[in-house]
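The next block holds one structure in the form of structure tokens; read it before the comments.
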Amino acid sequence: MNYIEHIGKYFRMLGQVFKRPQKGSVFRESLVKELDDLGNKSLGIAAFIAFFVGGVVAIQTALNVNNPLIPKYLIGFATKRSIILEFAPTFIAIILAGKVGSFITSSIGTMRVTEQIDALEVMGINSLNHLVLPKIIATVCFYPFIIAIAMFLGIFGGYVAGNLTGLFSTTDYIFGVQLEFDPFLVLYAMIKTMVFAFVIATIPSYHGYYVKGGSLEVGRASTQAVVWTSVVIILLNYFLTQMLLS
């Protein structure tokens, strides 16, 4: 199957996804479950990675800013910009693409190969709407919250690294973090996050929904979903940066 056919099937799938749910109570129950599975259970790994990478960014910046003519507060400024602009919205999204994307593909793919999706269709239920729409809403609504926490913990990780290593003073670091704060950069990061969240929910769902075969094919589909989700995130990151910041 060529790429154009895959793209066409993907957008046809979205047309079925965004239909009104047939039973509001069932949809709300599914949404709460997806918020826990895709959002709440992803918070820990995102927070852990953000904290330590923030510390690493601050230490590496401090080690490279060894010229006495360069003010030390630029360490905090560079760490803040790096975390807000790229690390939190983009790299955390790629990490979540691996964790969440494989889970979505395997769960929907297992339902496909065990004919549970066929059973939903026989009962007259729009299976795409029932399975995918709660995942989209859960990720788009919850991931900005995860990224906001990752931003804070990344910058805080740099602060802690300064205290532990003594490479720079906390006063200089805090001054650099506060220097030239632009609220639009946070908005830019949140826009990217919501776009990436939509991709993380839909591309793995596509690979899981249309998988054919058995458990081996489900594993292969999960791998393909993670790869293509990461590729699309990187491409969208380039175009969104070009449109929003240039």
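Each reported figure results from applying straightforward, stated rules to the coordinates on display, with no laboratory input. Keep in mind that what you see is a predicted model, and the values were worked out from it rather than measured. Cβ atoms come from the backbone with ideal geometry, glycine included; neighbour counts cover every protein chain shown.
Of the DSSP H helices in the chain, those that are both long (alpha-carbon extent of 30 Å or more along the helix axis) and hydrophobic (Kyte-Doolittle mean at least -1.0) are 43-64, 92-113, 127-165, 183-209, 215-245. Hey, in the GNM for the chain with a 10 angstrom Cα cutoff, which one of Val218, Val17, Val32 fluctuates hardest? Of Val218, Val17, Val32, the most mobile in the Gaussian network model is Val32.
Using a Gaussian network model of the chain in which every pair of alpha carbons under 10 angstrom is joined by a spring, one finds that among Asp182, Asp37, Asp172 the greatest mean-square fluctuation is at Asp182.
With neighbours defined as other Cβ atoms within 10 Å of a residue's Cβ, the residues Tyr10, Tyr173 order from fewest to most as Tyr10, Tyr173. Around Ala97, with a cut-off of 14 angstrom between Cβ atoms, what is the net charge of the other residues, counting Lys and Arg +1 and Asp and Glu -1? That sum, taken over residues with Cβ under 14 Å, equals +3. The simple spin-label model puts a point 7 Å past each Cα toward its Cβ; for Asn2 and Ser215 those points are separated by 3.7 nm. Between Gly166, Gly54, Gly208, find the one with the highest GNM mean-square fluctuation for the chain; connect C-alpha pairs within less than 10 Å. Greatest mean-square fluctuation among the candidates belongs to Gly166. Fraction of C-alpha pairs exceeding 16 angstrom in segment 1-67: 73 percent, rounded to a whole number. A Förster radius of 51 Å combined with the Cβ-Cβ distance from Met123 to Gln242 puts the calculated FRET efficiency at roughly 0.65. Using a cut-off of 19 Å between Cα atoms, the listed pairs Lys99/Lys135; Lys9/Lys99; Lys41/Lys99; Lys80/Lys192; Lys41/Lys212 include Lys9/Lys99; Lys41/Lys212 as exceeding that distance.
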